[in-house]
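So the structure is just underneath, and the comments pick up after that.
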Protein chains: 4
Amino acid sequence: MTTQKRVGILTSGGDCPGLNTVIRAVVSHATLTYGWEVVGISYATKGLQEKTTVPLTLHGLDLRGIDPLLSMGGTILGSINKGDTLAHVDEIMAGYQALKLDALIGIGGDGSLGILSQLQHQGNWQFIAIPKTIDNDVALTERVVGFDTAVNTVVDALNRLTFTAASHDRVMIVEVMGRTAGHLALHAGIAGGADVILIPEIPYTIKDICAHLQELRDRWGRRFAIVVVAEGAHIPDDSLNYAACSKPSCGIGQLIADELRNCSHETIDIRAAVLGHIQRGGIPSALDRLVASAFGKAAVDLIASGKSGEMVAWQNGEVVALPLEAVLAKSPSLVDPHNYLVETARSLGIYVGNLQK
Amino acid sequence: MTTQKRVGILTSGGDCPGLNTVIRAVVSHATLTYGWEVVGISYATKGLQEKTTVPLTLHGLDLRGIDPLLSMGGTILGSINKGDTLAHVDEIMAGYQALKLDALIGIGGDGSLGILSQLQHQGNWQFIAIPKTIDNDVALTERVVGFDTAVNTVVDALNRLTFTAASHDRVMIVEVMGRTAGHLALHAGIAGGADVILIPEIPYTIKDICAHLQELRDRWGRRFAIVVVAEGAHIPDDSLNYAACSKPSCGIGQLIADELRNCSHETIDIRAAVLGHIQRGGIPSALDRLVASAFGKAAVDLIASGKSGEMVAWQNGEVVALPLEAVLAKSPSLVDPHNYLVETARSLGIYVGNLQK
Amino acid sequence: MTTQKRVGILTSGGDCPGLNTVIRAVVSHATLTYGWEVVGISYATKGLQEKTTVPLTLHGLDLRGIDPLLSMGGTILGSINKGDTLAHVDEIMAGYQALKLDALIGIGGDGSLGILSQLQHQGNWQFIAIPKTIDNDVALTERVVGFDTAVNTVVDALNRLTFTAASHDRVMIVEVMGRTAGHLALHAGIAGGADVILIPEIPYTIKDICAHLQELRDRWGRRFAIVVVAEGAHIPDDSLNYAACSKPSCGIGQLIADELRNCSHETIDIRAAVLGHIQRGGIPSALDRLVASAFGKAAVDLIASGKSGEMVAWQNGEVVALPLEAVLAKSPSLVDPHNYLVETARSLGIYVGNLQK
Amino acid sequence: MTTQKRVGILTSGGDCPGLNTVIRAVVSHATLTYGWEVVGISYATKGLQEKTTVPLTLHGLDLRGIDPLLSMGGTILGSINKGDTLAHVDEIMAGYQALKLDALIGIGGDGSLGILSQLQHQGNWQFIAIPKTIDNDVALTERVVGFDTAVNTVVDALNRLTFTAASHDRVMIVEVMGRTAGHLALHAGIAGGADVILIPEIPYTIKDICAHLQELRDRWGRRFAIVVVAEGAHIPDDSLNYAACSKPSCGIGQLIADELRNCSHETIDIRAAVLGHIQRGGIPSALDRLVASAFGKAAVDLIASGKSGEMVAWQNGEVVALPLEAVLAKSPSLVDPHNYLVETARSLGIYVGNLQK
């Protein structure tokens, strides 16, 4: 069909559910359809530099034929968050050649894919990118691997916290991941029944949050509230504790909690919770498995057709390929403060900050 | 903002997760944003004929302020599968007037929405449709309420059945919903690790299934298999039991099981399971809650802007409005046998029938 | 600590969640604490007869150090439901010797353990039993491996079916596993909010079910109902379709459904669902993992102390050892019609049949 | 059957899953079997002092007949953690009389039940206690409401964290609830595959943890680890940061993380996570629903038989009644460092501290 190839695959940046599902799809399609060999590269680009690999074979594990990669969270290749730097471009290329790779598939977020895109104009380098991130901030694609599971995980946590907050008339401030983009907070906040959603893209004030909580009490008799805040949400201009709190030592969730204690004359029980790394883990959702499988398949086909420097993406219900550079130029993709989800949140009576006039 | 309105809402056809989330969004937006009144209509169009209603108020239940509608499956309005017929158009219109409705929002599948679309050209009738169906067969929209949860439910069941099938070297035939469209079987089969997926849109033969199962054993040492079959999959031409089985008394899953017993000289343990109504139930997934909330909000806005005969839809990552008649003309939307998911299934080594040459 | 041993382990009878967790605990304790070797025996006693084994080593799988056995349902050793017969006692003993086993741990229900208990008085045979069954019918132990997960699985299914039954005013008859004992139906029915629970141990009449459903409608305005029936529940004396239905072709759930259609003059929508093999599968619950781990550890210790013919059991919050023969003499352990759970069901307004006067 | 009664019910202390299931069972049995009236008391004993009540009726909510109390976490009565003090005994008794209660059922942990037990010797006071706590530290009962769900919640979180820890070769320190008793950490740590479990009842040293992690790497090639630590675990004697960390500002999990950074010459990526309030929330597990239903029923029967000052309990597979004072005298019930679960943890290779010689 095509010539025999030896294809490397690596996962880069923070892990998320669905990475192993991509790896499974790539190995399956490359092996079954094209008869190629797939080589797992350990720890993102560090594995290229150090030439360390993980064997990947189809149905290779003795689990009575059950393939654990379909449903296992994380990545069996390992990943790194840092160290993926441009300084190592030469070593990366040397590793690629030493490992006798004909092509490379990289699964990463916009940060880690950026480094790999730099090698595009080197000779003899064939690279296809697959977007993954629980932040959902890769541009030009409606879906990325890992986001849907992360949203469901946060919704599950909000559900649990709602029961306990309601039982104790408590305002619960829930800090979720999202340093620059608030997609996770926005999606999960709407689906999880939040009362307030605070994201980096939309300014807000403590005064407005206080007024909103007061209205919940006065108008609806609601004595508890759930406030979802993205870790990268900005410190509001009317914060009184700004000086006392230098992130990340205190965290935006804790800061908001401290501020809200001054809301009213009533004593309100306010707690802050940081969801942390549970947001990255878990069995991938059905949608993440579908996206992962379709992206893995598409990446192998792009290699077969000789493409390089492209990223698979999801647009208009289809899997497409886009120039990686075009994607990176528009990433990170932030929440448009006027998009339909922000408006949906407002229609449900959720405070999501103040639109600039 | 706009004039005061009294808006009816009904759910029609088979229930699914997310209907109550739509109702909650409609009540919230209509009440909070526009100050309208929302009237729940019982049992689809039957409630219009019989003028029976369900009170719907915001935060109206004494559950310490927790809104059960966000996460509760099914529909508190009740629904009916049959009886929604054109014969009752006059009574429906009479009920609409008697209940003093200014507008109506109907949440239904393509069958039930078809009836309501007939009233479009009657005077004084304002109607907006919201698509829901676990079959995913409403045309021109990438998302419908209920489908994502149903896919996750089937994947969960496949996961359970895989463990037990593998333990006993068993071929498990799993019949899932889908009378005319195989979307649910296709999505869940891929995400759930099926070996064979049989859908109404693609012909298949018993001989080919046998050969595929034999290859799993011979090539990969796999001694179990999972076959997902949509209830509407056609009886294959090479069926030996065709005469003995008149659906629905036996069911396609049971028929396939009976046929596969003749596959080989080896004795294979083959069982058929019908997932049944558990596919309709359950707490809605995060995505279904988002789609439901966004659709509910959009429907209310369409009414505010005077539109009628339109259906809210999801296209290219946005909520849009389409003429309901155009949607119905193209529904039910079937699986394109050449689409990327069918190809993804094949790339994973799944048998999904034979493409016509 | 003790002399070096080579210990076999097998799983027998229908699979359930937690078997792999037991295997993991046995391998861990035997290897780490005693330095023994553990040999997996394939397909219950058939593996002894045929001398087929599965290698079992600690942390042996290349899944980045994640041990899949902790959470994986089913059994990696394989199992069989039939074929475990006394006719093969000599072959079983021959295999035990040929595989050079010093001791054997068998995880099974009362049926499969019965066969192995027959070898007790043969020379050179050291055997410890671990009880597992989703039927919970092993005597003298408060807990068995697999039951807690199965109860949760049925409760989850009842939750889903309740939403859809309520939406359509439907009486849903749900057939669950349990040929001789109704523990699963009773536990899951109470926890899952059933209205009627029918088990083999307690007689009931169609007339009484009809009266109970009528009272739900008349007194509480409830228009749907959930009836949980164990597959082994007896056909009631006042059945009209007795002759027409020879189990298992129709199934007790379908029979009840047919009978209830004659309940009243009103047309009631009645459906039957068979939960089937999903009840065996799934990720083991926390409690099943704890029971499995504690039982596996205790079985290894019993072997170290030279015991044989004993079964580990859970009594009064402790793990104990009992003579296997004493357990089998009292098994299957049925639901006592006067026990606290039956009374609890009645206190919740659930119809659970009629106590004999 | 008995005379008409007006029975109060309150929930006290930290909320947990299953409280609403108890309330439902009490209302159901008291209403259906005895024809009594049940009065919900708001916010534990504060509701008695302030005479604030919540109406409780059977099937009273308009959710198409689905009773939300069966599966809803938290407590619709509200609860308080503090304020339940002996100083208010007179006001509590005055409220009991003013509300014309004939009896009171209190669902609480050992702290909150202690206050109510003080009223036992006052005249005209009939009180039955039901134990609930996610700490599992109520003496003389094998089961309490809420513990099983909390264990499952922590296991789920550990599962998520394991995937991400394994992907990044990370040591993850997970702080779980448990100020004086380590039951939750011990149960969840075993079921969730922890490598180290630190509880208040068993001393441990940083040096030993380091040695254990080193052995995981050297002997098994394991490059990640999961350390579960109860919030009340003692600061180890060999802590270097003792002075720098005054709890709760840093938390024991963070302290352990800081200490472990000095473990070896290798750089290890170590993170601390605090699970926090998600441990209290969630839909109750099947077992918690059964325990809750059985306890609620038994409490009503005790009132009917004129008992007072007793607590319902679970012993040896049965529901029994014990003198509340006897229970409180032995509470909090700590982990016995020699119990079968601690030994099971060790048999699995888990470090659980050092037994005193």
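The values are calculated or read from the model by the stated rules, or taken from the named source; none is laboratory data. What you see is a predicted model; the values in this text were computed from it and never measured. Cβ: placed from backbone, ideal geometry, glycine included. Neighbour counts: every protein chain shown. When the accessible area is computed, the model is the full protein with side chains, heavy atoms only, and any ligands, DNA or RNA have been set aside. Shrake-Rupley method; radii C 1.70, N 1.55, O 1.52, S 1.80 Å.
Rounded to the nearest angstrom and ordered from largest down, what semi-axes does the equivalent ellipsoid of region B:228-341 get from its C-alpha gyration tensor (root of 5λ)?
Equivalent ellipsoid semi-axes, largest first: 42, 17, 13 Å.
Let me confirm one metric for peptide C:17-24, namely the mean number of other chain beta-carbon atoms within 10 Å of its residues' beta-carbons.
Counting other chains' Cβ atoms within 10 Å and averaging over C:17-24 gives 2.
Give me the percent of accessible area attributable to carbon and sulfur for the protein assembly as shown, probe 1.4 angstrom.
Roughly 50 percent, rounded to a whole number.
Pairs C:Lys82/C:Lys307; B:Lys100/B:Lys330; D:Lys51/D:Lys132; C:Lys330/D:Lys307: which are spaced more than 26 Å apart, C-alpha to C-alpha?
Long pairs (Cα-Cα over 26 Å): C:Lys82/C:Lys307; B:Lys100/B:Lys330; C:Lys330/D:Lys307.
In square angstrom, what is the accessible area per residue of chain B with a 1.4 angstrom probe?
Result: 34 Å² of accessible area for each residue.
Mind listing the label-point distances from A:Gln4 to the same position on all other copies, shortest first, one decimal in nm, points 7 Å along Cα→Cβ?
Result for A:Gln4, in nm, nearest copy first: 4.4, 8.2, 9.2.
Would you kindly derive the ³J(HN,Hα) couplings of region A:115-121 from the backbone phi angles with the Karplus curve 6.51 cos²θ - 1.76 cosθ + 1.60 (θ = phi - 60°), listing them in order in whole Hz, with x for Gly and Pro?
Using θ = phi - 60°, the values come out as 5, 5, 5, 5, 7, 4, 9 Hz.
Per residue of B:191-200, what is the mean number of Cβ atoms on other protein chains within 10 angstrom of that residue's Cβ?
For peptide B:191-200, the averaged partner shielding equals 3.
If each DSSP helix of 4+ residues adds -39,500 (n - 2.57) and the sum is divided by the residues in chain B, what number results at 222 nm, nearest 500 deg cm²/dmol?
-10500 deg cm²/dmol
What residues have an amide H closer than 5 Å to that of D:Val176, excluding those fewer than 5 places away on the same chain, when H is modeled at 1.01 Å from N in the peptide plane?
Under 5 Å from the amide H of D:Val176: D:Val229, D:Ala230, D:Glu231.
With θ taken as phi - 60° and the coefficients 6.51, -1.76 and 1.60, list the Karplus ³J(HN,Hα) couplings across region D:169-175 in order, rounded to whole Hz; mark glycine and proline as x.
Each residue's phi maps through the Karplus curve to give 6, 10, 8, 10, 9, 10, 8 Hz.
Could you give the nm distance between label points at C:Glu91 and D:Glu50, where each point is 7 Å from its Cα heading toward the beta carbon?
Label at C:Glu91, label at D:Glu50, 7.5 nm between them.
What does the protein assembly as shown give for Rg and for Dmax, in Å, if only its C-alpha atoms count?
Taking only Cα atoms of the protein assembly as shown, I get Rg and Dmax of 30.8, 93 Å.
Please list log₁₀ I(q)/I(0) at q = 0.19, 0.26 Å⁻¹ for region B:78-148, using the Debye equation with identical point scatterers on the alpha-carbon positions.
-0.81, -1.26
Enumerate the amide H contacts of C:Met311 below 5 Å, restricted to partners 5 or more residues apart or on another chain; note that Pro and chain-start residues carry no placed amide H.
When sequence neighbours closer than 5 places are left aside, the close amide H contacts are C:Ala129, C:Leu322, C:Leu324.
Looking at chain A only, what percent of DSSP beta bridges run antiparallel? Nearest 5 please.
Percentage antiparallel, nearest 5: 20.
What does the C-alpha gyration tensor say about the overall shape of region B:1-140? Classify as rounded when a/c is under 1.5, otherwise prolate if a/b is larger than b/c, or oblate.
Verdict is oblate for region B:1-140.
Contact order normalised by length for region B:103-216, with contacts defined as Cα pairs under 8 Å and 6 or more residues apart; what percent is it?
Taking the mean separation of contacting Cα pairs over the length of region B:103-216, I get 19 percent.
Beta carbons within 10 angstrom, averaged per residue: use that to sort the peptides B:227-240, C:113-126, A:15-28, B:155-168, highest first.
Ranked from most to least packed, the peptides come out as A:15-28, B:155-168, B:227-240, C:113-126.
Please list the equivalent ellipsoid semi-axes of chain B, computed as the square roots of five times the alpha-carbon gyration tensor eigenvalues, in descending order and whole angstrom.
Its equivalent ellipsoid spans semi-axes of 43, 20, 17 Å.
Using θ = phi - 60° and the Karplus form 6.51 cos²θ - 1.76 cosθ + 1.60, what ³J(HN,Hα) does each residue of region D:197-206 get, whole Hz, x for Gly and Pro?
10, 10, 10, x, 7, 10, x, 8, 10, 4
How far is helix D:286-304 tilted, in degrees, relative to the longest principal axis of the Cα atoms in chain D, given as a value from 0 to 90 rounded to the nearest 10?
Result, in degrees: 30.
Can you give me the Cα centroid spacing of region C:127-177 and region D:148-223 in angstrom?
So the separation of the two Cα centres works out to 30 Å.
Could you pull out which residues in region C:126-165 have an amide N less than 19 Å from a spot 7 Å beyond the Cα of C:Ala329, following the Cα-Cβ vector?
C:129, C:138-142
At a Cα cut-off below 12 Å, give the aspartates and glutamates reachable from B:Lys5, other chains included and same-chain residues fewer than 8 away excluded.
B:Glu37, B:Asp102
If one takes the accessible area of chain D alone plus chain C alone and subtracts that of the pair, with a 1.4 Å probe, what total in Å², rounded to the nearest 100, results?
That pair of chains buries around 4400 Å² in total.
Please list, in chain and number order, the residues 5+ apart from D:Gly8 or on another chain whose amide H is under 5 Å from its amide H, with Hs placed from the backbone.
The list, which skips near neighbours in sequence, is D:Val39, D:Asp102, D:Ala103, D:Leu104, D:Ile105.
Can you give the mean number of other chain Cβ atoms that lie within 10 Å of the Cβ atoms in peptide D:269-282?
6
List the residues of region D:323-357 whose backbone N lies under 14 Å from a point placed 7 Å from the Cα of D:Asp237 along the Cα-to-Cβ direction.
D:354-357
What's the local net charge at A:Leu275, with K and R +1, D and E -1, over the other residues with C-beta under 12 Å away?
0
Among all the aspartates and glutamates, which ones have a C-alpha under 19 Å from C:Lys207's C-alpha, if same-chain residues fewer than 8 places away are not counted?
C:Asp195, C:Glu215, C:Asp218, C:Asp237, C:Asp238, C:Asp258, C:Glu259, C:Glu266, C:Asp269
Can you compute the label reach from A:Thr57? Point 7 Å from Cα along the Cβ direction, backbone N cut-off under 14 Å, restricted to region B:205-233.
B:219-222
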